[in-house]
Amino acid sequence: MATTKEDNKGFSALKNHVYSLSVAGKQADGYTKTTKAIAEYVGRIYSHDMNQLVLNGTESVPVEPDYPEGEAPFDRDKAVWSKRYDHFLREETKYNDHKAKVFTIVYGQCEKATLLPNAQIGAKRV
């Protein structure tokens, strides 16, 4: 997606919304405000699905269409399925691309102190 003035204006609006550990007693409030600001931004730039992903952690991935039933599906049914499947693949690719961009935005709003070193990402907590 090409960068536009809208993108730059929106992203600069996030500069005061950072996930931080430095302000004692205000982390929860900061987390909530930052999450809402990011969700509003990605909802405006990408989609409502991305807004809900940030706000609620809920994914709404595209659903793959079912292949026509029967021993010998009609050519028309196969053609319709093929078009729907092509659309599904485009939507799935777009969704995954947007999700990766949203993750980058969330990650970019974290203070250095809140980021885990690569070795600790995905490590089990005991």
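Each Lys or Arg adds one and each Asp or Glu takes one away; over the other residues whose Cβ falls under 13 Å from the Cβ of G70, this sums to -3.
Averaging the Cα positions of each part gives two centres, and for region 90-106 and region 20-51 these lie 17 Å apart.
Seen from Q27, the other residues with C-beta closer than 13 Å to its C-beta sum to a net charge of 0, counting Lys and Arg as +1 and Asp and Glu as -1. Using a simple spin-label model with pseudo-atoms 7 Å out from Cα toward Cβ, H87 and K112 lie 4.9 nm apart. Quick one: go through region 93-110 and flag any residue whose amide nitrogen is under 19 Å from the point 7 Å out along the Cα-to-Cβ line of E59. Under 19 Å, as judged by backbone N against the label point of E59, lie 93-107 of region 93-110. Taking 27 Å as the limit for the C-alpha separation, the pairs K78/K99; K78/K101; K36/K112 exceed it in the case of K78/K99; K78/K101.
With R₀ fixed at 22 Å, the C-beta to C-beta distance from V80 to H48 puts the FRET efficiency at about 0.25. In a DSSP loop and with at most 10 other Cβ atoms within 10 Å, the GluC sites (Glu not before Pro) in region 70-108 are E71.
Computed from the coordinates by the stated procedures, all read-outs in this text should not be read as laboratory data. Since the model is a prediction, treat every value here as computed from it, not as a measurement. Here the Cβ is made from the backbone with ideal geometry for all residues, glycine too, and neighbour counts use every protein chain on show.
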